[in-house]
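The structure appears right after this line, and notes come after that.
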Amino acid sequence: MSKSSQPIDDFARELSRETRDAVLSSVVTRTAGRKAKLEADYKDPDLLRRLAGKVKQHTVEHLDEYLEQAEAALTKNGAKVHFASTAESARETILEILRNKGATRMVKSKSMVTEEIHLNDFLEKQGVECVETDLGEFIIQIDGDTPSHIVQPIIHKNRRQVAESFEKHGLGAYNDDPQTITHRARKHLREKYLQSDAGMTGANFVSAESGRIVIVTNEGNARFGMAANGLHIALVGIEKVVPRDKDLGLFLNLLGRSATAQQLTVYTQFINGPRSKSQPSGPKEMHVVFLDNGRSKVLASKERDILRCIRCGACLNVCPVYRQTSGHGYRAVYGGPVGAVLSPLLAGDDFPKYADLPKASSLCGACHEVCPVNIPIPELLLRLRSRANKEGIKSAGAPPMAPFARMATSPKLWQTAMTASRAMNHLPITMMPIQPLQAWLKIRTLPKWRGGEFRKWMKERGGVNSGGRNE
Amino acid sequence: MSEARDTVMRAVRQALSDLQEKTPLPEYDSEILICAKYREGEVGGWLEFGENFAAVSGRPLTEVGELLVFLKEEGNDSGYCDPSLKERVGTVLEESGLKVHYEYEHDKVDDYTFGITRASGVIAESGTVVLNDEDTVDRLAALAPWVHVAVIENEPIFETIPEAIENLGDSSNVIWVTGPSKTADIEGILIEGVHGPGVQICLKLD
């Protein structure tokens, strides 16, 4: 590993060709699909993005009011509402709910927030079986891996790797046909559903107005988890609230198109409490756990805009850095541009540990352009870079900039350096034993030095007042 | 629990206490959410629904006979039917030799290859079938079989998504189904029939 590169550079360099290809082909397709769908369906998709951004910004800036409203509505609908300020408290709350019902077998639908609090490991240690039911998450679970994309957890794997895992875990002889793999998973997980006594989900949105929890899946797994047993627990980040039911229409239209180029995700559930009296299947009890876990600190920061995020993954798909690294390069639950902002912030006191992530960006702005809630991600990345700088956090890959800053702010020094540096053209720089310089040169070619020539040229053509006339 | 609540709420209030200017809640007309293709079309209603439902691999049908042919061709010989649809749907299938159960038994979930239940409406703009807890005789019957047949008689055809949102009603569970259950988790390849139905039918009876 070279000292002059960022950790994410090293990760990308060591990534196998196979993984890089898997990630790249998938995100390129998704980026194109998203754009085509939005442009086919709306004359001005930007209008919706900007509107959704404002609605969500308004919500987070009034989060105390909307949380209370949502809590009251959920309670009225017959759900039991809990709050957890830390990951630990959320895990304990969930365990207690399960224990009270004597539940030991839980089926889970895909939820990033349960990844965030490392729920599965904890519950398994407490004797609760947790089965991931989203196909991708199920594969992640049997592999002991972690998701590398918000929407497509196994983006870094190909079908051969999946087939090998299935064979290893007794799910049939090697067969890498995706249809066969899917049907084997259907059969295996069907049994798990029918034996389960609790279903765990996240939530995509919560309407403060009605208390409706909205959960979307394409596979139907969240629906099955809420049809086969009597207990539903939803773990929800406090930022998932939206003001009105009407706004659900706005966000659903953007979420499906941004995430998977769909007008609507296949199963869109509006859950208004436990099952109705006439319904024989589904939860008799519904619990909603609102999780802070660092979000209120993000809310207090100037980077609070990131709390608008609706987890569509579009910024990951379009990001040139994500495309070279996959999500694992970000060393945290949330990867890609959104993760580069969110992970250091959610880390709280561990901010220095992730302070390099905001630098893992060329600030090209593509993430901002595709964001369905118009989050100015590049601006937030810059703020975090500056915060790291102010806090004096030295992270790998950052060359010392102080000498440059001194030089660049003094015209005299600058001019001298520009002219003097011409000597570089005659120095054997590729032979200089300066480790960071050599690492840098390994992947780049230094152009011929032409510093200082602009001023000379300017002077010769008649100084600053010549008005740019050609003479 | 209430202590945890206070901690979270206090932290949120504290975080917002220094905020000088707050973004107002924008007002907007939900018309802008309707997709252009739909807004400019002049068809609407069941025909529009059918087209959009087919575009997401759904099968819109208007005759029990068509349903019968499909079920037989696909080798579905035994399934479940909501007893309230016995007369109009179930008996027609039985007369042609299909085995139809009117009581949903939870230990036989995998024996039913088709499930016929009532829908609460459809959404034309998106090709979506709307189900709710009161109209669905059993959540599993609409989910576990390979073929799900959602039946509408006089239930509403919502033209647009915003209209359907306005009419969510007070059911404890409303679910929009836009095509068969599917995944693209493995190499982005589309596979239908993951946990729910691999075939989603909507049958409209006059």
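So the values come out like this:
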quantity	calculated
Elements of type helices (runs of 4 or more DSSP H) in region A:248-341, at least 2 residues being facing chain B (nearest Cβ under 7 Å)	A:295-300
From B:VAL149, B:VAL109, residue being out of contact with any His (no Cβ under 6 Å at 6 or more places or on another chain), buried (at least 24 other Cβ atoms within 10 Å of the Cβ) and not in a loop (DSSP other than H, G, I, E, B)	B:VAL149
All helices (runs of 4 or more DSSP H) inside region A:153-230 with 3 or more residues being over 27 Å from the mean Cα position of the chain (by Cα)	A:159-168, A:178-195
Residue among A:VAL60, A:VAL107 that is out of contact with any strand residue (DSSP E or B) (no Cβ under 8 Å at 6 or more places or on another chain), open to solvent by less than 50 Å² (accessible area, probe 1.4 Å) and either within 13 Å of chain B (Cβ to nearest Cβ) or under 30 Å from B:LEU25 (Cα atoms) (or both)	A:VAL60
Residue in region A:121-140 that is open to solvent by less than 10 Å² (accessible area, probe 1.4 Å), under 15 Å from A:MET286 (Cα atoms), assigned to a helix (DSSP H, G or I) and not β-branched (Val, Ile, Thr) present	no
Scan of region A:121-159 for residues that are without any contact (Cβ under 8 Å) to a residue 60 or more places away in the chain, more than 19 Å from A:THR325 (Cβ to Cβ) and within 11 Å of chain B (Cβ to nearest Cβ), ordered by number	A:GLU137, A:PHE138, A:ILE139, A:ARG159
For A:GLU285: the one exception among (1) in contact (Cβ under 8 Å) with a residue 60 or more places away in the chain; (2) touching a strand residue (DSSP E or B) at 6+ places or on another chain (Cβ under 9 Å); (3) surrounded by 20 or more Cβ atoms within 10 Å (Cβ to Cβ); (4) over 18 Å from A:ALA87 (Cβ atoms)	(3)
Any chance A:LYS80 is open to solvent by 50 Å² or more (accessible area, probe 1.4 Å), in contact with a strand residue (DSSP E or B) (Cβ under 6 Å, 6 or more places away or on another chain) and under 19 Å from A:SER207 (Cα atoms)	yes
Region A:19-57: number of residues that are touching a Lys or Arg at 6+ places or on another chain (Cβ under 9 Å) and open to solvent by 30 Å² or more (accessible area, probe 1.4 Å)	5
Top-ranked residue in region B:31-79 [being within 14 Å of chain A (Cβ to nearest Cβ) and among the polar types (S, T, N, Q); ranked as nearest to B:ALA142 (Cα to Cα)]	B:SER57
Residues of region B:152-206 that turn out to be open to solvent by less than 30 Å² (accessible area, probe 1.4 Å), part of a strand (DSSP E or B) and more than 8 Å from chain A (Cβ to nearest Cβ), as a count	7
Qualifying position, being in contact (Cβ under 8 Å) with a residue 40 or more places away in the chain, open to solvent by 10 Å² or more (accessible area, probe 1.4 Å), of a type outside the set (Ser, Thr, Tyr) and in contact with a Phe, Trp or Tyr (Cβ under 8 Å, 6 or more places away or on another chain), among A:ALA208, A:ALA222, A:ALA261, A:ALA228	A:ALA228
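Per-residue answers, yes or no, for (1) closer than 26 Å to A:SER16 by Cβ; (2) surrounded by fewer than 24 Cβ atoms within 10 Å (Cβ to Cβ); (3) of a type in the set (Ser, Thr, Tyr):
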position	(1), (2), (3)
A:TYR322	yes, no, yes
A:HIS328	yes, yes, no
A:PRO337	yes, no, no
A:PRO352	no, yes, no
A:HIS368	no, yes, no
A:LEU380	no, no, no
A:ARG383	no, yes, no
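The values are calculated or read from the model by the stated rules, or taken from the named source; none is laboratory data. On a predicted model such as this, the values are computed, not experimentally measured, just so you know. Positions of Cβ are backbone-derived with ideal geometry, glycine not excepted, and every protein chain shown enters the neighbour counts. Accessible surface is based on the protein model in full, side chains and every heavy atom, while ligands, DNA and RNA are left aside. Shrake-Rupley method; radii C 1.70, N 1.55, O 1.52, S 1.80 Å.
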